[in-house]
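For reference, the structure discussed in these notes is given below.
The values are calculated or read from the model by the stated rules, or taken from the named source; none is laboratory data. For clarity, every value in this text was computed on a predicted model and none was experimentally measured. All Cβ positions, glycine included, derive from the backbone under ideal geometry; neighbour counts span all protein chains shown. Each accessible area value is taken on the protein alone, full model and side chains, heavy atoms only, with ligands, DNA and RNA left out. Shrake-Rupley method; radii C 1.70, N 1.55, O 1.52, S 1.80 Å.
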Amino acid sequence: MKRIFLAILQILVPAIFLTSMQVSAQNTLNYTEAGINFRNGQEYFEAKNYPAARAEFSQYLELYKPLLAKDDANKVWAEYYVTMCSLYMSNPETELLADRFVRNNPDSPQARNLFKEIGQYFFDNGDYEKAVGYLAKTAGSDPEAKYKLALSYFQLQRYNEAQPIFDEIKNESNTENGIGASYYSAIISFRAGRYNDAIPDFKKAEQSARFRSEIPNWVAHSYYRQGKFNEMLAYTEPILKQKGTGLKIDDLALLTAEVYFQQGNYEKAAPYYTQYANYRAQKMLPAVAYRYGYSLYRINQFAPAAEQLKNVAANRDTLGQHAAFILGISYLKANNPNYALGAFDQARKLNFNMGIKEDADFNHAKVLLDLGRANETIREIEEFLNNYPNTKYEDEANELVSESYLSTNNYVAALNYIEGLKKRSPRINAAYQRIAFNQAVIDYNAEKYNESLSNFDKSLSAPENPELKYAATFWKAEALSGGKRYNDAISLYNQLIASSDNSTKALADYQTKSRYSLAYAYFNMKDYDKANAQFKAYADKMKNSGDSQSYQDALIRLADTYFAAKNYDQALKYYDQAITANKTDRDYAIYQKGLILTFLGKDAEAKNAFEKVQNGFPDSRYLDDAMYQKALLAFKGNKYTEAITGFTELINNQPKSTYVTRALLKRALAFSNTNNHEGAINDYKKIINDYKADDVTKDALAGIQEELNEVGRPEEFSQILNGYQVANPNDKSTTGLEYEAAKGLYQNEKL
């Protein structure tokens, strides 16, 4: 504004000097001296020393008033300068001076511009209330004053007075002020809710670089406020796809995202929220961040969704509770259950939305189970059911408890819990089926067959899983066999074998196993023909199955049935096949073959078989059996020295074998037959002293008595017998030995 005044001064100074020269030619020396005050005032004014300038101009007007004509140019300018100095000094009499100046100089150019200049001064200094008073007086003849008058009304929010002026200006010209008038008129229309009027004015304002960057946001808001979402999207999306426009498009992106969010089109909403976030230096408002995160969540962008939601979830309000719940789900989907647990915990501790609280509480327990914290899950679900007695999650909650018990292996507690429920869903029944089955297997492995049968029946009472149903049927039959209830077991095996269910792959396996177990059941019942038929059917099935181990085992079991039925030729045939094909049980087959050969009187071949076991399988569990049978063959063939060697090898190398006492007894007899009576006596003593409860001890007593009589020391037997009777006070079978001992003493003249 001050630059305008200086320009006016530069234009008018030559005129001032010209006027002064004319006055000088007409007036006295005193008038010439008065010009000094005028010039000093000008200099001070230009230097912005307004107090000094005013003083000089005031002195000029006061002291030389008689010398000045009414329309003297210098007098008019001096009064003008005094008024302007008063303005710049913020003196209260400025308005009075201005009114007086205009009244005294109505035709002066200065009078016409004074109110405008004062109005512009107040306008430039933001005093719009004062600016209006002056600009209104000149607005009719000055377009610039009119525009600033309208702007002043706008700044004072006197929109009803501002808009007609703006409308007048925008309709009169397409100048910068005309475009500006369109812009401000559009804003007034927008704020008044006249969006249809605002939109064309905003679009006209796009012609000005001053307003262009802001226009898209205003237009978009105008469409949005009217609910014209399709028109808005048609306007905003092309702009948002452009690069480097220099436009302010943050609100544009946000509104576009919000419209798509409201329409449930999260696929389109999410990238516009992202675009909005990229244009903001500050964080988004929590509500916007929530909708952004929720959109990402709905399009399976779980990790980015969590990033947006976690800050919102930190707020302890309704929005924070919602955000925490969705955050928990997002963490779960992103395979981060520990973080999900924390988010659900946060949501369930807030009481703003009880539905969300309940959902979060339940999901918290579910995550605990996923994390393997079954005991905590049980406690939480039980508390949950107490807190929400009518919860929609009742069935699922009971299912979780059942599955949690399954994870804890506390099957008994699980069964009790489920059996106490008023109603059971298929999922609970499935858990019950599994829990009962698992407990039954535990009982079976502990040989608690009756308990296992009860739990297998419980499992079968809820046959949700067909495979588990067939498994329970099979193992129940096994438990019956273990309890020697073979007829009941056979009935279940046959039931499985007769079953038809192409949808359950496991059935065929259990049918095959049932044939094998059925054969054993018949074998244990000594029904060797039926056992043989089942083992043969099993062997035939296994031969081409690729399961060589099962086939080899079937051959041996088939041979066993022939052996038990005393069909030795067939038994040898299948043992030979097993020896040829088998990799793991060859020692057993060879041993069994040796036994059959002994029965057939083929001692040399039998001995060869036992030696194969002894030499070829040093770790065989049939090693002591083979060693004993080999020594026994020698003994029965009167090869006592060879027998003694064989029995001694067994006694020394297999001291824990169940054959030791029998080997000692047989070796004693062999010693006796080779007249090594002391050797026989020592073996008998070892049996009597170390194996008092063994069945062969009585034979040892009889044998040592005979040997002592043979060597003439019958008196020693009484002491030995007495020791045995003290150790076995309830054994009354030694009475005859006492008589024989007394008889021996008499015959040897020891009495």
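Remarks
- Dividing the mean sequence gap of close Cα pairs (under 8 Å, 6+ apart) by how many residues the chain holds gives a relative contact order of 3 percent.
- Loop-resident sites, the range 364-399, for trypsin sites (Lys or Arg not before Pro), counting at most 13 other Cβ within 10 Å (DSSP): 392
- Prolate/oblate/rounded label for the range 82-141 (Cα gyration tensor, a/c 1.5): oblate
- Relative to the longest principal axis of the Cα atoms of the chain, the long axis of helix 94-104 lies at roughly 40 degrees.
- Ranking 640, 315, 195 by Cα position along the charge dipole of the chain, where only Lys, Arg, Asp and Glu carry charges on their C-beta atoms, puts 195 farthest toward the positive end.
- All Cα pairs of the range 616-708, percent lying beyond 16 Å: 50
- Relative contact order (percent, whole number), the range 599-696, Cα cutoff 8 Å, 6+ residue spacing: 19
- With N counted as the residues of the range 666-729, its alpha-carbon radius of gyration over 2.2 N^0.38 Å works out to 1.03.
- Reachable lysines, given that their alpha-carbon falls under 18 Å from the alpha-carbon of residue 686 and they are not under 8 places away in the same chain: 656, 666, 698
- Here each label is just a point 7 Å from Cα along the line to Cβ, and for residue 619 and residue 207 those points are 10.2 nm apart.
- Potential lengthening of the chain between residue 600 and residue 421 amounts to 57.8 nm, from the contour at 0.36 nm per residue minus the alpha-carbon distance.
- Converting phi to 3J(HN,Hα) with the Karplus coefficients 6.51, -1.76 and 1.60 and the offset θ = phi - 60°, the range 423-438 yields 9, 10, 7, x, 5, 5, 4, 5, 5, 4, 4, 5, 4, 4, 4, 4 Hz in sequence order, with x at every glycine or proline.
- Greater than 32 Å apart at Cα, pairs in 526/639; 476/692; 505/543: 526/639; 476/692
- 0 to 90° range, to nearest 10: angle between helix 486-498 axis and the chain longest Cα axis: 50
- Only Cα pairs under 8 Å and 6+ residues apart enter the sum, and on that basis the relative contact order of the range 200-343 stands at 13 percent.
- Quarter of Cα convex hull surface for the chain, i.e. mean projection, nm²: 63.4
- Loop trypsin sites (Lys or Arg not before Pro), the range 519-555, which have at most 11 other Cβ atoms in a 10 Å radius of their Cβ (DSSP): 526
- Placing +1 on the Cβ of every Lys and Arg and -1 on the Cβ of every Asp and Glu, with no other charges, gives the range 422-518 a dipole of roughly 320 debye about its Cα centre.
- Sorting 587, 250 by solvent-accessible area of protein heavy atoms yields 250, 587, largest first, with a 1.4 Å probe.
- Taking Cα atoms only, the orientation of helix 640-653 departs from the longest principal axis of the chain by about 30 degrees.
- Where chymotrypsin sites (Phe, Trp or Tyr not before Pro) in DSSP loops with at most 15 other Cβ within 10 Å are excluded, longest remaining stretch of the chain: 353-751
- Two-site label geometry, residue 691 and residue 567: point separation in nm, points 7 Å out along Cα→Cβ: 3.7
- Residues of type lysines that residue 268 reaches as a straight line, Cα spacing below 24 Å, ignoring anything fewer than 8 places off in the same chain: 228, 241, 243, 248, 283, 310, 333
- Once the C-beta distance of residue 96 and residue 194 is scaled by a Förster radius of 51 Å, the resulting FRET efficiency is 0.75 to the nearest 0.05.
- Those lysines that a straight Cα-Cα span of less than 26 Å connects to residue 137, excepting residues fewer than 8 apart in one chain: 2, 70, 75, 116, 146, 148, 170
- With all protein chains in place and ligands, DNA and RNA left out, the 1.4 Å accessible area ranks 423, 583, 148 as 583, 423, 148, largest first.
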